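Since the structure comes first, as structure tokens, the remarks are kept for the end.
Bear in mind that the values in this text are calculations on the coordinates, not laboratory data. On a predicted model such as this, the values are computed, not experimentally measured, just so you know. All Cβ positions, glycine included, derive from the backbone under ideal geometry; neighbour counts span all protein chains shown.
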């Protein structure tokens, strides 16, 4: 039975954090390098072995890891696995990759820079996990990477005597079951959690089937949560941690459709400030007393669903939020006559997702598309609650700055920074901040044109689809044929990103588009300074900014980065106090004041990051409390 992880808080939490800091120090770089050198020595020793002798050695190490291994067995086993990489793929893993694989064998998240060979590092760690017994899930950023990595590494896995498969969207239950019964399964966090919830639903609906089917076939597809190795661990375990994955069922509701259309007409007659006021981060609406009175005067002539003032105000608020808060090509796109949600962090479309409470239908009414049926939630779970269920958890990312304590507190994950194989050669240009968005976008175009004239390539990160399209228009007006990668143009994502390093290429991408695909920087571009990355907005977390900057200067190749922001950016509008915004405006307008304004903006970012961290912990506590109550109620 899986032992539930304890979430410490208060004084206990402080001491637990101190204990976690000590655990991280225990994994010293000196010790790791010594174990990695031992692995390299074992790999060199196997070079003279024949294929049959080498196979016997792999079987021997698999047997040792399955039992209780000695101190030197794990590094030596990794050395044999490393030798298998060289025999099958033709490359020898770097010592840094071996250090990373060793770390991930013991509930550790490694900070490994982008381009340092995380695919092979994860594969070697997955083999060790499979040798120890129990299913190993390798979590990737998207379906494309899950399929690519599983197929790419399958010959290597076969040589090590383990089977591998992948689970992606659109696969049938039988195909999923076959993939999960492999020793190693590549998939995304969304697919793993969805299959876990569906298995729980099936078990609750037909418990007798599962009790009587021991050793036989059941309708479950997974075979337990034993080991997970998470690529881009900060994205999955931190940024998306509190997002619940909901298994929903369609529910035909003609009354809601009629109410949504009525609410749309009522909302058109209401005026901002007089009848309603946007609140929070601009995604909520509060009715004024005048607005409530206007609604109360008309509901008596409407159908019965409107006769409750509370329900009437809620429906109108949803219509107002849809009209004034949620923006097309920012929060959603319209594809083939359907409203599709856009992930505001990654810029990717979220197929199959919908807003609840009639909001999705309210937005469909605003856009004039066919109203879909609402859904009701059958079961749900957050990603942070799900990944706490794994017996062994490991992860890797190039941006684990400032989250080591949170990873330890929430998941029991130690964090270790792996050095780069070659020194990082990235040039940071001076950050700029402008009064308005128009000034910022003009500066972005000018800077990109300057870099292109030098014979280099430029990658520009934007926050929304709308911004990427508007910026593309500005480049077109300047005579530059820029390439856009966003939720509306995602079909050739990998190809666009791979070609973003050619001479004279300007690529505009929503922030995380193409993550996991290497940008191939041509030799001519490298000779002239490498790929130049421009970030056009600070995010709630500095890590997200660094993820974009990590697209350049990989494996010792030179590159440069620059941040260009404005006082109209979300980090200022939503997280800075009004008097702070006024102060920043006055500072930007005077000589040397820009430096002070930039420092204030960094403080705004830290405040936003801290607020997000507190929210994640509060939601997790609520999830745990609710889960315990439900468990008690079901007994």
Check on residue 563, in contact with a helix residue (DSSP H, G or I) (Cβ under 8 Å, 6 or more places away or on another chain) and either crowded, with 20+ Cβ neighbours inside 10 Å or assigned to a helix (DSSP H, G or I) (or both):
yes
Positions within region 412-424 being under 26 Å from the mean Cα position of the chain (by Cα) and either within 30 Å of residue 567 (Cα to Cα) or surrounded by fewer than 21 Cβ atoms within 10 Å (Cβ to Cβ) (or both), in sequence order
412, 417, 419, 420, 421, 424
Within region 436-461, how many residues are over 19 Å from residue 474 (Cα atoms), surrounded by fewer than 21 Cβ atoms within 10 Å (Cβ to Cβ) and touching a helix residue (DSSP H, G or I) at 6+ places or on another chain (Cβ under 9 Å)?
1
Among the listed residues 471, 459, 427, 400, identify the single one that is touching a residue at least 24 places away in the same chain (Cβ under 8 Å), part of a helix (DSSP H, G or I) and either under 30 Å from residue 610 (Cβ atoms) or in contact with a strand residue (DSSP E or B) (Cβ under 9 Å, 6 or more places away or on another chain) (or both).
471
Quick check, is residue 621 in a helix (DSSP H, G or I), out of contact with any helix residue (DSSP H, G or I) (no Cβ under 9 Å at 6 or more places or on another chain), touching a residue at least 40 places away in the same chain (Cβ under 8 Å) and crowded, with 21+ Cβ neighbours inside 10 Å?
no
All positions within region 406-423 that are more than 14 Å from residue 393 (Cβ to Cβ), in a loop (DSSP other than H, G, I, E, B) and in contact with a strand residue (DSSP E or B) (Cβ under 7 Å, 6 or more places away or on another chain):
418
Please verify whether region 179-191 includes one or more residues that are assigned to a loop (DSSP other than H, G, I, E, B) and surrounded by 20 or more Cβ atoms within 10 Å (Cβ to Cβ).
yes
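Residues are listed down the side, and each one gets a yes or a no for (1) assigned to a helix (DSSP H, G or I); (2) out of contact with any strand residue (DSSP E or B) (no Cβ under 8 Å at 6 or more places or on another chain):
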position	(1), (2)
234	yes, no
238	yes, yes
242	no, no
245	no, no
249	no, no
252	no, yes
257	yes, yes
267	yes, yes
285	no, no
